[in-house]
Amino acid sequence: MLKSKKIYPGLALLIMLAVLLQACGNDTILTLPSPTPGSATSQTPSTTAVQTTNPATAAPPSTTDSAVSTTVPPQTTVAVTTASAATTAVATTAPATTAALNEGSPTAASSGTGVPRFEAATKCPFNLPAGQTLNQTVRCGYVIVPETHAQPNNGKTLKIAVLVFKSKATNPAEPVIYLEGGPGGHIQSIIDLMTGDFYNGFTQRGDAIFFDQRGVGNSQPELYCPEIETQSEQDAPVILNPTDDAQHSVDSALACHDRLAKQGVNLAAFNSVESAGDVNDIRQALGYDKINVYGASYGTILAQTVMRLYPQIVRSTVIDSVVPPNVNPDITAIASGSRTMNLIFQTCAADAACNRAYPNLKDLFTKTYNLLNTTQPTVKVTIPETNTTLNVKVDGSKFVSVLFQLLYDKQTIQLLPRIISLVNSGNNAILAPLMAVPFEVNLETDLGMYFSVECAEEWPFSKLSDNQAAESQALPEFAQDSDIGVQSSITLCQKWNVPAASQAQVTLLKSDIPTLVMEGQFDPITPPEFGQKVAQGLSKSFYVEFPYNGHGEVVPDNVCGINVMKAFLDNPSSKPDSSCTSSLTIKFS
């Protein structure tokens, strides 16, 4: 499973319901309906035919919605699921034949080609939350942008799907634009959350702008990789040796690359610099002067890129679960994930109720890992998004890969001791919904975009020896065969054929733009030290850490995080009141 830099809010509900059923003695395997109504389709894995529309993406609007001429055809879409921990890092070193990326002009020309421009849609490309009405409370459409901002007049354009929630403020101030993680993460899962406190947090002062980044979701082309999903489904019933598993991941990713290239997609145009240009284009096309930028996970890299290239348009920035531009989280994840696991072990041991229910939790985790390596049970897994049913053989590596994803959310962190205990007791029924997690995660990520960004901005500046430092800080269960995963990423990116990013893109940012830096104490992929590191270069930054929280602090179940963000947006020049963090607690199930 890829170590995505994205927040997946729907997974907590999936796992919580499964654990509750098991706690009540119900051995029925849990299946849930698709979280995106109307988008689920039944799929059967096939070695001959590849479905090239992403079931996680809303059905495209009719051709009457907005006529757009793009020289790049709308692309296929698919999900991915690498099952073993050895293949979690996907993306790799830069090809020796490509030069550093030309960042071009910091502003896109709007003459000649008529870009950027907004084209309203008569049918919104996104599913709207309850209570929202097109052209009344929201506006939807596409912003047409240059394929490359350094060449805005060459006639090559892309369609960026945009949704604006209109503020109820009497005199709306500067909007907030939401930058999603991944890279390649769909914005629909965040749009689905736009109710209650979460909605108010983003719309209290001004409009809230959400969009699928270039290459993602409802934007066109969508760089979906069905080849990887198909390979993952075919490999699910077996336990491959780590080398073969990694090779399957590389081969299926390259099959996606070759298909996209054959269809005319310029993969070198899908990176953070071009996406930052899109942010400026969206602002301009929608008629805003300045914007407040909110970035989560990988979105913090995009936010830092916007701050660097377009500082004049940014009123303030909120970076949540921060990725430093000079760090490769795909390598450090085994260490940071182990750090979170150790915090859980320590916190449980210090809590009387948890320690009584789960004494020696760390030992229990190791025993469970070893048990699965010995028994290798097969479970029937239903993927809610597609209603696909698979037989999945489980070993310790697959189990750890799923546990890593559960560390992203406080709600599932609280369930971890119970999950480990249930699996150790031989309760294979709980494994079924757990093993659906990697497939669901990858259905919400367009891997063509993911690889294009990672192969330009992370792996050209990483080497295999970097993994040794991470291994020295990792639990053995997390470090197992990680060198094979890193090497497979290097191999893949040597063939992905995109230019390496500029040195400026991978250097810590120095800026005086008011910035709120938010981190969760238990974050397994972007630990607190990452945010602290980035904050050092931001002269007007405020750092806030949230005890016991995982990845993503501005989420519906963290009213404290929402309120801290709201206070900052009201007055970015002053440190926001973060006293609510002192009341945050954790309660293990």
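Values quoted throughout were computed directly from the atomic coordinates according to the rules given, and no laboratory measurement underlies them. Remember, it's a predicted structure, so these values are computed and weren't measured experimentally. Positions of Cβ are generated from backbone atoms using ideal geometry, with glycine treated the same way; all protein chains shown enter the neighbour counts.
Explain nothing, just compute: Karplus ³J(HN,Hα) = 6.51 cos²θ - 1.76 cosθ + 1.60, θ = phi - 60°, for every residue of segment 502-519 in order, whole Hz, x for Gly and Pro. Values per residue, Gly and Pro as x: 5, 4, 4, 5, 10, 10, 3, 6, 10, 7, 10, 6, x, 9, 9, 10, 10, 9 Hz. Extension gain, K463 to V559: 0.36 nm times the residue separation minus the Cα-Cα distance gives 30.5 nm.
When only Cα pairs under 8 Å and 6 or more residues apart are kept, what is the percent relative contact order across segment 458-537? Relative contact order here is 24 percent. Each of the peptides 438-450, 363-375 was scored by the mean count of other Cβ atoms within 10 Å over its residues; in descending order, highest first, they stand as 438-450, 363-375. Histogrammed with a bin width of 5 Å, the alpha carbon distances of segment 102-248 distribute as 2, 9, 14, 16, 16, 13, 10, 8, 6, 4, 2, 0, 0 percent, first bin at zero.
Find the Cα radius of gyration of segment 224-334, compare it with 2.2 N^0.38 Å by division, and give the number to two decimals. Numbers along the way, then the final one.
Working: Rg = 18.6 Å, N = 111, 2.2 N^0.38 = 13.2 Å.
This ratio for segment 224-334 stands at 1.41.
Rounded to whole numbers, the Karplus 3J(HN,Hα) couplings from phi for segment 378-387 are 9, 10, 8, 10, 10, 8, x, 4, 10, 6 Hz, using 6.51 cos²θ - 1.76 cosθ + 1.60 with θ = phi - 60°, and x at Gly and Pro. Residue-wise HN-Hα couplings along segment 278-290, as the Karplus relation 6.51 cos²θ - 1.76 cosθ + 1.60 with θ = phi - 60° gives them from phi, are 5, 4, 5, 5, 4, 4, 5, 5, 8, x, 9, 7, 10 Hz; Gly and Pro carry x.
Find out how many positive minus negative residues lie around V437, taking Lys and Arg as positive, Asp and Glu as negative, among other residues whose Cβ is under 12 Å from that of V437.
-3
When a/c is below 1.5 the answer is rounded, else prolate if a/b is larger than b/c, else oblate, so apply that to segment 516-589 with a ≥ b ≥ c taken from the square roots of the Cα gyration tensor eigenvalues. Verdict is oblate for segment 516-589. Overall size of segment 343-401 from C-alpha positions, given as principal axis extents largest first: 42, 28, 17 Å.
Stretched out straight at 0.36 nm per residue, the stretch from D351 to D570 would grow longer than its current Cα-Cα span by 75.0 nm. Seen from P556, the other residues with C-beta closer than 13 Å to its C-beta sum to a net charge of -4, counting Lys and Arg as +1 and Asp and Glu as -1.
How high is the relative contact order of segment 135-181, given as a whole-number percent (alpha carbon pairs under 8 Å, six or more residues apart)? Mind showing how you got there, number by number?
Details: 43 pairs, mean separation 17.8, N = 47.
For segment 135-181, the relative contact order is 38 percent.
Using packing as a proxy for protection, rank 328-340, 152-164, 421-433 so that the peptide with the highest average count of other Cβ atoms within 10 Å comes first.
Output ranking for 328-340, 152-164, 421-433: 328-340, 152-164, 421-433.
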